[in-house]
């Protein structure tokens, strides 16, 4: 089965954002706590699954993507995409987020567990993390960018993972990614910020407002 035949979690845009007085449509980042909670509740109540290839072409649906930022000692794990990856448009780009599409988890008791299971899978596919048992994980916002073709069919659940001082993080595929730690001040420097993938730039903006 090709990746476009994978069954992924989606939610109708109308069910997610609503309408009238309950319309919670936003662009960029949503950081208002009660709005985040309301949107997460709508995801939990209305999500379904769809063939990934169909979902990528259907703007009537949004694909929830857990997007995790790793923090340790006041710095954020940042990675650069190298030439060994699959998408040329991303070569040389920088990112502070780890995440991907979600699959249904039959044994999960609730949507939060579905998100957690999928996030753990994505992190373990890209990174090697040691000594992180005491990590603190929290959702700090949502990301929506309808200005791009890719953004039109995705919504990000922005998660921070605060790692203990002794935690170790490394990339799995060193031919595709190069990792480093950067402070928020460094991430906001023009020459760095301009190389960020779109969601990472939005995540940096969100972190700067905390």
Whole-angstrom gap from segment 156-194 to segment 14-67, using each part's C-alpha centre: 26 Å
Packing-based exposure ordering (other Cβ within 10 Å, fewest first) of 149, 133: 133, 149
Theoretical gain in end-to-end length, residue 173 to residue 148 [0.36 nm per residue, Cα-Cα removed]: 6.2 nm
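Normalised by the residues of the chain, what does the relative contact order come to in percent, with Cα pairs under 8 Å and at least six apart?
Details: 390 pairs, mean separation 56.1, N = 210.
That works out to 27 percent.
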Helix axis angle, 33-46 relative to the chain longest principal axis, alpha carbon, degrees: 60 degrees
Principal-axis tilt of helix 111-126 within the chain, Cα atoms, nearest 10 degrees: 40 degrees
Exposure proxy order (Cβ contacts within 10 Å, fewest to most) of 182, 4, 196: 4, 182, 196
Gaussian network model of the chain, springs between alpha carbon atoms under 10 Å - residue of 65, 161, 143 with greatest fluctuation: 161
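Would segment 1-89 count as rounded, prolate or oblate if I go by the C-alpha gyration tensor, calling it rounded below 1.5 in a/c and otherwise prolate when a/b exceeds b/c, oblate otherwise?
Working: a/c = 2.34, a/b = 1.18, b/c = 1.98.
Since a/c reaches 1.5 but b/c is at least a/b, the shape of segment 1-89 is classed as oblate.
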Computed [θ] at 222 nm, deg cm²/dmol, the chain (DSSP H ≥ 4; -39,500 (n - 2.57); rounded to nearest 500): -7500 deg cm²/dmol
Within segment 1-20: backbone nitrogen closer than 12 Å to the residue 121 label point (7 Å, Cα to C-beta): 6-9
In degrees, nearest ten, helix 198-208 long axis to first principal axis of the chain (Cα): 80 degrees
Length added when fully stretched, residue 193-residue 31, from 0.36 nm per residue minus Cα-Cα: 56.3 nm
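Rounded if a/c is under 1.5, else prolate if a/b beats b/c, else oblate: with a ≥ b ≥ c from the C-alpha gyration tensor eigenvalues square-rooted, which is the chain?
Values: a/c = 1.43, a/b = 1.35, b/c = 1.06.
Cα axes put the chain in the rounded bin.
Going by a ≥ b ≥ c, the root eigenvalues of the Cα gyration tensor, does segment 123-177 fall in the rounded group (a/c under 1.5), the prolate group (a/b larger than b/c) or the oblate group? All intermediate terms of the calculation are to be shown ahead of the outcome.
On the way: a/c = 4.03, a/b = 1.54, b/c = 2.61.
Oblate, since a/c reaches 1.5 and b/c is not below a/b.
Taken together, the values in this text are just the output of simple stated rules run on the coordinates, not laboratory data. Predicted model, so just to flag it, every value in this text is computed and none were measured. All Cβ positions, even for glycine, are placed from backbone atoms using ideal geometry, and neighbour counts span all protein chains on display.
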